[in-house]
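Q: Input: one structure, supplied below.
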Amino acid sequence: MEDELPEATIRPAVVEDADAIARVHLASWREAYQEVVPPEQLAAADESERAQRWRETIEGRHGSVLVADLDGDIVGFAHVGHSRDEDAGFGTQEIYAIYLEPSAWGRGVARELMRSLLGGLPDNAPVTLWALADNERARHFYRRHGFSPDGVERMETAGDRSYLEVRYRRN
Ligand SMILES: CC(C)(COP(=O)(O)OP(=O)(O)OC[C@H]1O[C@@H](n2cnc3c(N)ncnc32)[C@H](O)[C@@H]1OP(=O)(O)O)[C@@H](O)C(=O)NCCC(=O)NCCS
């Protein structure tokens, strides 16, 4: 385990954060999925296009985005909103994404981000998320925060590959 970082400020994202969120998103995705996603697909992702999508998400009404801000440096973010699953019960929330800059992994920031995120949700709201079956680190992290697999799985396709995803739930 690396040293813990100073406590980050967890705050709602503003549009000006979109570039930093896209940078963290891609750096984190490339590091986490290097053994899973083909290198050409990892390399092809475009940061400015991602930033534009994050701008639209922050400005729009689909869920909320939180950032972990360390002295003005965005080192992580999470996106949460109503579950998009067809079988979701009323009020079920979903963590669509939680990503940290790789240099911040294992240093306490993810824990702060997750606690703030869960603390901002309605009391007792069920919360779900989808994790790649191969993403052992994230799966371990979710279990630590009270999530467990609810038995629902799906195959997601990206390019010419399919990936098994596992749904986690916390009540
Ligand atoms: C998922 C993520 C936000 C978690 O943040 P983090 O700082 O790495 O989380 P933590 O270090 O608190 O927890 C990870 C746990 O997994 C453990 N771990 C690390 N590597 C592991 C591995 N290969 N297999 C299993 N567990 C692993 C750590 O020891 C830690 O467990 P502990 O708390 O019992 O010591 C961060 O790793 C990340 O941004 N990953 C890339 C993006 C991603 O995968 N997002 C989730 C998409 S579903």
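Nothing in this text is a laboratory measurement; each read-out follows from the coordinates by a stated rule. Fair warning: this is a prediction, and the values are worked out from it, not measured in the lab. Ideal geometry is used to build each Cβ from the backbone, glycine not excepted, and the neighbour counts take in all protein chains shown.
Q: In the chain, which whole DSSP H runs stretch at least 27 Å along their own axis (Cα) and average 1.6 or higher on the Kyte-Doolittle scale?
A: On the way: long enough: none.
Helices meeting the criterion: none.
Q: Here is a follow-up. Could you please report the charge total around Phe147, scoring K, R as +1 and D, E as -1 over all other residues with beta-carbon less than 13 angstrom from its beta-carbon? Display every interim value, and only then the final one.
A: On the way: positive: Arg139, Arg143, Arg144, Arg167, Arg169, Arg170; negative: Glu94, Asp150.
It works out to a net charge of +4.
Q: Hey, another quick one. If each DSSP helix of 4+ residues adds -39,500 (n - 2.57) and the sum is divided by the residues in the chain, what number results at 222 nm, nearest 500 deg cm²/dmol?
A: Values: 5 runs with 54 residues, N = 171.
Rounded to the nearest 500, it is -9500 deg cm²/dmol.
Q: Considering the dipole of the chain built from charges on the beta carbon (Lys and Arg +1, Asp and Glu -1) around the Cα centre, which of Ala18, Ile74, Tyr96 is farthest to its positive end?
A: Going by the Cα projections, it comes out as Tyr96.
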